[in-house]
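Each remark here refers to the structure printed beneath this line.
Coordinate-derived values only; no laboratory data. The structure displayed is predicted, hence computed values, not measured ones. With ideal geometry, Cβ positions are generated from the backbone for all residues, glycine too; neighbour counts draw on all protein chains shown.
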Amino acid sequence: MRLYSQMTLAELQEEMERLRILIEEQKNRGDSSQLAIYQQKFFMAKSYYVGTDEFRIGGTYRVFQHDQPFTIEYFNGVFAWGRFPDSAEAVGYPVGMLELWIETRK
């Protein structure tokens, strides 16, 4: 199998669809270990598909399965490095795991 960085956008789309199907199968089986592996692969493929152009340093985003806003400080490849509020340590996530943070008021 080729590296995601070597794939065309069409190949990345096919890979993401293949992984989406495997993710659903693992959810149905209740296999959380394999599910986590396929989710990480999906997010990496998605990261190469979307790239970093739509993200910005200083921007606030939601990270998959996290409830706090994440602010980007810098990029390293397809990884966004930044911090959650009140966190002293910078952490990195593939940009495929990020969505724009939208504040909801109740």
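Taking every alpha-carbon pair under 8 Å whose residues sit at least 6 apart, segment 60-100 reaches a relative contact order of 38 percent. Protection proxy ranking, highest mean first, for peptides 45-58, 64-77: 45-58, 64-77, where packing is the per-residue count of other beta-carbon atoms within 10 Å, averaged.
The relative contact order of segment 17-93 comes to 17 percent, based on Cα pairs under 8 Å that sit 6 or more residues apart. Judged by the ratio a/c of the largest to the smallest principal axis of the C-alpha gyration tensor, segment 4-50 counts as prolate, that ratio being 1.5 or greater while a/b is larger than b/c. Judged by the ratio a/c of the largest to the smallest principal axis of the C-alpha gyration tensor, segment 35-96 counts as oblate, that ratio being 1.5 or greater while a/b is no larger than b/c. 3J(HN,Hα) couplings calculated from phi for segment 91-96 with the Karplus curve 6.51 cos²θ - 1.76 cosθ + 1.60 (θ = phi - 60°) are, in sequence order, 10, x, 9, x, 4, x Hz; Gly and Pro show x.
The simple spin-label model puts a point 7 Å past each Cα toward its Cβ; for Phe64 and Glu89 those points are separated by 2.2 nm. Considered as an equivalent ellipsoid built on the Cα gyration tensor, the chain has semi-axes of 25, 18, 12 Å, the largest given first. What the phi angles of segment 65-71 give under the Karplus curve with 6.51, -1.76 and 1.60, with θ = phi - 60°, is a coupling list of 6, 10, 9, 9, x, 10, 9 Hz, glycine and proline written as x. Looking at the square roots a ≥ b ≥ c of the eigenvalues of the Cα gyration tensor of segment 60-100, which shape do they give, rounded for a/c under 1.5, prolate if a/b is larger than b/c, or oblate? It comes out oblate by the Cα gyration axes. Rounded to the nearest Hz, the phi-derived 3J(HN,Hα) couplings of segment 49-59 under the Karplus curve 6.51 cos²θ - 1.76 cosθ + 1.60 (θ = phi - 60°) are 5, 7, x, 9, 4, 7, 10, 9, 5, x, x, where x marks glycine and proline. If R0 is taken as 22 Å, the Cβ-Cβ distance between Arg2 and Gln40 corresponds to a FRET efficiency of 0.80. With 0.36 nm allotted per residue and the present C-alpha distance subtracted, the Leu9-Arg56 stretch has 14.7 nm of extension available.
Take every Cα pair under 8 Å whose residues are at least 6 apart in sequence, average their separation, divide by the length of segment 4-50, and the relative contact order is 53 percent. A dipole drawn for the chain from +1 and -1 charges on Cβ atoms has a positive end, and of Leu100, Ala90, Ala10 the residue lying farthest that way is Leu100.
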